[in-house]
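Written below as structure tokens is the structure these notes are about.
Quick note: the coordinates plus some simple rules give every number you see, no bench work behind them. For clarity, every value in this text was computed on a predicted model and none was experimentally measured. All Cβ positions, even for glycine, are placed from backbone atoms using ideal geometry, and neighbour counts span all protein chains on display.
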Amino acid sequence: MPDPKLVFPKPAAIPEKGANASLESKSIPETIAEKRFRNLLEAAPDAILEVDSSGRIMLANESAEKIFGYTREELYSLTVEDLVPAAMRSGHSRHRDSYVSSPQVRPMGSGLDLQAQRKDGSLIPVEISLSPNRVDEGLRVIAVVRDISARKQIEQRLRAIQEQFNAELATKNELLEARNRDVEQANRLKSEFLASMSHELRTPLHTIIGFTELMAEEVEGTLNDKQKRFLGHVLQDSRHLLQLINEILDISKIEAGKLELNVGTFDFATCLDEVMAGIHQQAAAKQIHLENKTTFRDPVYADRLRIKEILYNLLSNAVKFTPNGGSVWVESRTLDHGLEISVCDTGMGIAESDQESIFDKFYQVGSTTKGTREGTGLGLPITKKLVELHGGKIHVASKPGQGSRFTFTLPLLGPPSL
Ligand code: ADP
């Protein structure tokens with residue numbers, strides 16, 4: 001708490017022209033109050049100048065000496081224009097006159113970058129606030145001048161850092177963009193290469209499979225048991241190879257954005273029967289109970305071959321990852337605007353942490369029920385993409401050791417009306 005005896009009057013108590021008021025509070029002798037006021041002004045870090053209506057400097061504090069580099073005597077022999085940069089000087093008296101005609105407390109040149117000129121001719125950035133002071137001799141203007149060099153330097157340094165940062169960021173962005181273009185180009189070339197290679201590989205493979213089937217059917221003569229067994233291996237592995245090549249071809253087409261659906265209207269139940277018949281042998285080999293529990297009997301508008309591929313991928317996985325004697329079945333449900341198909345099994349299941357990743361390329365959780373790794377890890381990513389191309393969604397619900405349920409939806413769109 002300040003000593004009440006030492007409390008000074010507020011600036012409003014400074015006498016108006018002709019008023020007979022004193023500077024001090026009642027309890028302080030006038031000389032002490034004046035001295036304290038003087039100290040207050042001298043200690044202020046800003047330059048404080050009192051200027052008369054013709055621009056002459058009438059009063060200046062100690063900071064004014066420091067900031068402008070003049071002694072006080074020198075300041076009292078100057079006009080305020082001497083402190084204005086030479087380039088701005090000519091217009092300044094006009095500003096002063098206009099201030100005198102409507103004096104009020106306000107900052108000078110608000111929004112402008114103001115500068116003041118020191119005795120040595122150097123310029124310093126300043127902020128100036130003006131206030132009128134009426135004294136016996138007339139209107140005086142009090143200018144409080146703040147040297148903002150340090151603040152400007154910091155601002156400049158910050159700006160320089162920001163500009164450097166922006167320049168570095170721009171360079172890095174350019175590099176990144178160039179690298180992205182390279183990666184895209186490399187990816188496209190890889191997809192094109194895979195697509196053309198897969199195509200080249202399929203043609204001779206079809207010939208191998210075709211002639212092997214002919215020989216196995218003993219059209220050109222009977223075979224002994226060993227020959228039949230050998231041909232069986234050739235046929236099985238050739239078909240496996242064909243499936244891998246087809247998957248690689250599919251994924252590269254999908255990634256190159258070149259896979260297009262060939263849609264039409266077909267009977268879903270027949271399509272599912274065909275896939276179940278195709279999977280029947282693999283299921284029977286493991287005594288897996290295979291069942292079609294679907295009730296949906298309407299035609300659907302979709303790409304028949306791709307729907308078969310989706311069903312085949314899910315069913316062959318279900319059989320592959322279900323131990324001997326288990327069950328695999330398909331269910332269906334009609335939704336408001338679509339069809340929901342679930343392929344379920346009582347197999348080894350999938351840990352929750354893997355349930356998202358299995359839809360990523362080449363992701364395989366573990367070995368099949370045969371204890372070996374089969375396939376490419378491409379079946380589910382292709383299946384997901386095919387479902388999505390049809391406007392549907394796929395997800396899995398599974399518990400390790402209890403089985404899995406892969407469910408996909410197909411919006412029931414009709415053929416476009418003419
Ligand atoms: P692939 O069958 O060629 O390995 P997929 O992309 O079809 O590749 O499947 C990825 C992985 O997801 C499989 O390797 C397997 O670990 C897991 N998986 C898929 N279907 C099932 C299923 N019905 N039961 C258990 N695991 C499955």
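Here are the numbers:
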read-out	value
Separation in nanometres of the label points that stand 7 Å from Cα toward Cβ, at Ala160 and Gln282	7.0 nm
The chain, helix-only ellipticity at 222 nm - DSSP H runs n ≥ 4, -39,500 (n - 2.57), divided by all residues, nearest 500	-15500 deg cm²/dmol
Dipole in debye (nearest 20) - segment 197-325, about Cα centre, beta carbon charges: Lys, Arg +1; Asp, Glu -1	320 debye
Stretch gain in nm, segment Lys119-Leu41, where the contour uses 0.36 nm per residue and the Cα spacing is subtracted	25.9 nm
Approximate spin-label separation Arg202-Asp225, in nm, with each point projected 7 Å along Cα-to-Cβ	3.9 nm
Among Ile310, Ile57, Ile245, residue whose mean-square fluctuation peaks in a GNM of the chain (springs only between Cα atoms under 10 Å)	Ile57
Inter-label distance for Leu176 and Phe193, nm, one decimal - labels placed 7 Å from Cα along Cα-to-Cβ	2.8 nm
Segment 235-361: C-alpha gyration tensor shape, a/c 1.5 cut-off, then a/b vs b/c	rounded
Options Gln153, Leu41, Ser191, ranked by Cα towards positive dipole end of the chain, top entry (Cβ charges)	Leu41
Sum of side-chain charges, Asn313 neighbourhood, beta-carbon under 12 Å (Lys, Arg +1; Asp, Glu -1)	+2
Per-peptide average of other Cβ atoms within 10 Å, ordering 180-190, 118-128 highest first	118-128, 180-190
Pairwise Cα inverse-distance average, inverted: Kirkwood Rh of the chain (Å)	30.8 Å
Segment 273-291 and segment 34-110: distance between their alpha carbon centers, rounded to Å	101 Å
Selection from Ser63, Leu75, Tyr99 lying farthest towards where the dipole of segment 49-138 points positive, charges on Cβ	Tyr99
Backbone HN-Hα couplings from phi across segment 54-62 [Karplus 6.51/-1.76/1.60, Hz, Gly and Pro as x]	9, x, 6, 7, 9, 9, 8, 9, 5
Stretchable slack from Glu291 to Ala87, in nm (0.36 nm times residue separation minus alpha-carbon distance)	63.8 nm
Mean projected area in nm² (Cα convex hull; one quarter of hull surface) for segment 70-180	10.5 nm²
Residues with amide H under 5 Å from that of Val126, placed H, sequence gap 5 or more	Leu114, Gln115, Ala116, Ile148
Extreme residue, positive dipole direction of the chain, given options Ser131, Ala277, Thr212 (C-beta unit charges)	Ser131
